[in-house]
């Protein structure tokens with residue numbers, strides 16, 4: 001139980017993008033597939049599943065030649081409100097300064113996640129297989145990743161669902177709606193994360209998120225994030241982060257900063 005609570009606390013510090021990358025790279029838990037899932041029988045099906053997964057990975061919106069940006073920040077969490085300043089540099093390192101630093105523990109990881117996972121990375125193909133033959137599921141095809149303890153649903157180049165189940169942890173991340181950038185890149189709009197008891201399947205908590213972005217120059221920068229968390233014993237937490245007065249960091253601004 002202590003391990004499960006620790007992992008849940010860690011995961012709740014991440015936004016959707018961070019979770020997807022974390023789950024894709026991690027192999028620390030044993031994936032338990034649904035009973036009766038047929039194995040892919042042909043190389044053609046394996047190639048199709050791999051191509052579908054690769055297309056979704058490459059469709060994720062990224063910021064190439066990112067100069068960094070600054071913004072004013074307003075954080076509200078369970079009735080507490082504070083303001084401050086955010087700076088994200090060209091290396092995607094995020095600095096958050098708030099008048100009430102007690103709210104940084106909740107807000108900083110979310111900002112680091114949504115900004116940090118816009119960094120461009122070469123997406124080498126990862127072998128995948130179809131987990132079943134359901135071609136008309138509302139969230140798309142279910143795909144298992146070879147040698148990775150995670151599965152995804154994929155639709156229209158979107159990772160619509162992330163599923164992870166082990167003896168110690170069970171959760172599902174569902175993407176209900178997305179933003180499409182001018183270049184066609186995918187950003188999360190509405191997401192839901194459901195945690196279950198791995199032994200009974202009973203829902204233990206749920207986190208709903210909504211995101212919005214603002215076009216500044218060639219970049220779609222985060223503008224608003226709203227999170228509602230509900231768990232056992234009537235626990236409920238609501239928080240929001242709003243960014244305004246976005247400004248890309250120019251060479252002139254860097255020069256002025258370094259001269260001080």
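None of the figures in this text is laboratory data; all of them are computed from the coordinates on show. Quantities reported herein were computed from a predicted structural model and do not represent experimental measurements. Note that we place each Cβ from the backbone using ideal geometry, even for glycine, and neighbour counts take in every protein chain shown.
The table below gives the values:
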quantity: Residues 137, 246, 117 arranged by fewest to most Cβ contacts within 10 Å; calculated: 137, 246, 117
quantity: Sites residue 43 and residue 197 - FRET efficiency at Förster radius 41 Å, r taken between beta-carbons, to 0.05; calculated: 0.60
quantity: Residue order, fewest to most surrounding Cβ atoms within 10 angstrom, among 204, 97; calculated: 97, 204
quantity: Rounded D (µm²/s) - segment 129-227, Kirkwood Rh over Cα pairs, Stokes-Einstein at 20 °C, 1.002 mPa s; calculated: 142
quantity: Efficiency of FRET between residue 99 and residue 228 - r from beta-carbon atoms, R0 35 angstrom, step 0.05; calculated: 0.90
quantity: D (Stokes-Einstein, µm²/s), Kirkwood Cα radius, segment 144-190, 0.890 mPa s at 25 °C; calculated: 205
quantity: Over segment 196-241: Rg over Rh, Cα atoms, Kirkwood Rh; calculated: 1.23
